[in-house]
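Take a look at the structure set out below.
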There are 2 protein chains.
Amino acid sequence: MKKASNRPFFTIWLTGLPCSGKTTISKALLERLNNDLLLNRGRRFVSLDGDDLRGKLNSDLGFSHEDRKENLRRVGHLSQLFNEKELNVVCSFVSPTDDLRDEALNHIDNVFLVFVECSADKCAERDVKGMWAKAKTGEIPMFTGYSAPYDIPKDADLVLNTENLTLDECVDKLLDSLIG
Amino acid sequence: MKKASNRPFFTIWLTGLPCSGKTTISKALLERLNNDLLLNRGRRFVSLDGDDLRGKLNSDLGFSHEDRKENLRRVGHLSQLFNEKELNVVCSFVSPTDDLRDEALNHIDNVFLVFVECSADKCAERDVKGMWAKAKTGEIPMFTGYSAPYDIPKDADLVLNTENLTLDECVDKLLDSLIG
């Protein structure tokens, strides 16, 4: 989707490897947007990530392929619901493969898709929650970027490389794309 | 819950028979609140009812007792999620029995429970969507108030009788209870 800012309410969908920087970008973007009335023009932005749903709305779901699909189906509907309630949403989900991403994105009318690009080596080095380490010992099986595939999205509206760009630069680029 | 207005963010839960007036009250309340900055003090109010979820987030659910429970479990988590995102929620769900209501309310930290009281005869007379008529011909089985039970909540924070009060009076009373 191009020109998200011309649409009334929309979802920014950040996809990328674990530790690529999705949630960090989302937080910085929201802080910038929600504190600047000239920038947000009175629109509220809300973040959504796995921590908002796992053990809560989606506590009935595990990590099988079917459950991952159902998890993303619900996130898609949830984002659309927020948009219908006149709130913009910034989603941070690995959403690794084309079919899993479609499971979510098919339910959202206005999506701005952002690929948060970062090499697996760099993500593993950051390893904020120690999950890459567990993936390497086999404690976490089917870990995206190590033992499970990640499909680079072919139809991203924007690519943000978090190895080459600073956090501020990522947010600037995202805002330019949304507003420009 | 008393003194909802002293809590940062909360859910107003309207329970009552089909056609008792829940959604009508919710709409009027939101219109009043979202257009009056002195009243809402910068807080946004969002409505949630069955139409927001059936065929969408909860399209995988039918009307068996188990599915109704799962429906309300998700609505509970959803309301809490909205509250965590700094939005107040007004929920309109029949939520007929104590166990079904608990399924939702147990997941919400701050709930203001409102019993929207109206006799079955009056609800059937209004019959906005023709569902009471279908219940009487048996086309809709297990219809709350006709062929399925409704438990009057013992712990409501407020009772609004829509046979005795006008819509404006209901909204005034609700606002008084929240703010007073």
- request: Return the residue satisfying two criteria in turn: it lies in region A:62-91 and is outside any helix (DSSP H, G or I) and within 14 Å of chain B (Cβ to nearest Cβ), and of such residues it is surrounded by the most Cβ atoms within 10 Å (Cβ to Cβ).
  value: A:Cys91
task: Check whether at least one residue in region A:67-80 is more than 17 Å from A:Ser177 (Cα to Cα), within 14 Å of the chain's Cα centre (by Cα) and touching a residue at least 40 places away in the same chain (Cβ under 8 Å), and report yes or no.
output: yes
- prompt: Any idea which residue in region B:96-127 is nearest to the other protein chains (Cβ to nearest Cβ), counting only those that are under 25 Å from A:Glu86 (Cβ atoms) and of a type outside the set (Val, Ile, Thr)?
  reply: B:His107
task: From (1) out of contact with any Leu (no Cβ under 6 Å at 6 or more places or on another chain); (2) surrounded by fewer than 19 Cβ atoms within 10 Å (Cβ to Cβ), pick out the condition that doesn't hold for A:Ser20.
output: (2)
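Looking for something out of contact with any His (no Cβ under 9 Å at 6 or more places or on another chain) and assigned to a strand (DSSP E or B) - is there at least one such residue anywhere in region B:49-61?
Yes, that holds for at least one residue.
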task: List the number of the failed condition for B:Asp176; all other conditions in (1) in a helix (DSSP H, G or I); (2) at pLDDT 95 or above hold.
output: (2)
field: Count of region B:46-58 residues which are surrounded by 20 or more Cβ atoms within 10 Å (Cβ to Cβ) and under 16 Å from B:Phe10 (Cα atoms)
entry: 2
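Taking the residues in region B:41-61 that are small (Gly, Ala, Ser) and under 23 Å from B:Ile140 (Cβ atoms) as candidates, determine which candidate is farthest from the other protein chains (Cβ to nearest Cβ).
B:Gly50
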- prompt: Would a scan of region B:99-113 turn up a residue that is part of a loop (DSSP other than H, G, I, E, B), modelled with pLDDT of 95 or more and more than 30 Å from A:Val89 (Cβ to Cβ)?
  reply: no
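Quick check on region B:112-123: of everything there that is under 16 Å from B:Pro96 (Cβ atoms) and in contact with a Phe, Trp or Tyr (Cβ under 8 Å, 6 or more places away or on another chain), which residue is surrounded by the most Cβ atoms within 10 Å (Cβ to Cβ)?
Ranking the candidates gives B:Val114 first.
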- request: Hey, could you check region B:155-179 for residues that are surrounded by fewer than 16 Cβ atoms within 10 Å (Cβ to Cβ) and under 27 Å from B:Asn106 (Cβ atoms) and say which is farthest from the chain's Cα centre (by Cα)?
  value: B:Ile179
statement: Scanning region B:135-152 for residues that are at positive phi and over 19 Å from the mean Cα position of the chain (by Cα), the one modelled with the highest pLDDT turns out to be B:Gly138
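Quick check: anything in region A:139-156 touching a His at 6+ places or on another chain (Cβ under 8 Å) and part of a loop (DSSP other than H, G, I, E, B)?
Within region A:139-156, not a single residue is touching a His at 6+ places or on another chain (Cβ under 8 Å) and part of a loop (DSSP other than H, G, I, E, B).
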- prompt: Among the residues of region B:31-40, how many are assigned to a helix (DSSP H, G or I) and either surrounded by fewer than 15 Cβ atoms within 10 Å (Cβ to Cβ) or within 11 Å of chain A (Cβ to nearest Cβ) (or both)?
  reply: 5
Per-region count, region A:44-57, residues modelled with pLDDT under 95 and under 16 Å from A:Leu100 (Cα atoms): 1
statement: Of the listed residues (B:Ile25, B:Ile12), the one being more than 14 Å from chain A (Cβ to nearest Cβ), in a strand (DSSP E or B) and either under 12 Å from the mean Cα position of the chain (by Cα) or crowded, with 17+ Cβ neighbours inside 10 Å (or both) is B:Ile12
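The values are calculated or read from the model by the stated rules, or taken from the named source; none is laboratory data. Quick caveat, the model's predicted, so the values are computed rather than measured. We place every Cβ from the backbone using ideal geometry, glycine too, and count neighbours over all the protein chains shown.
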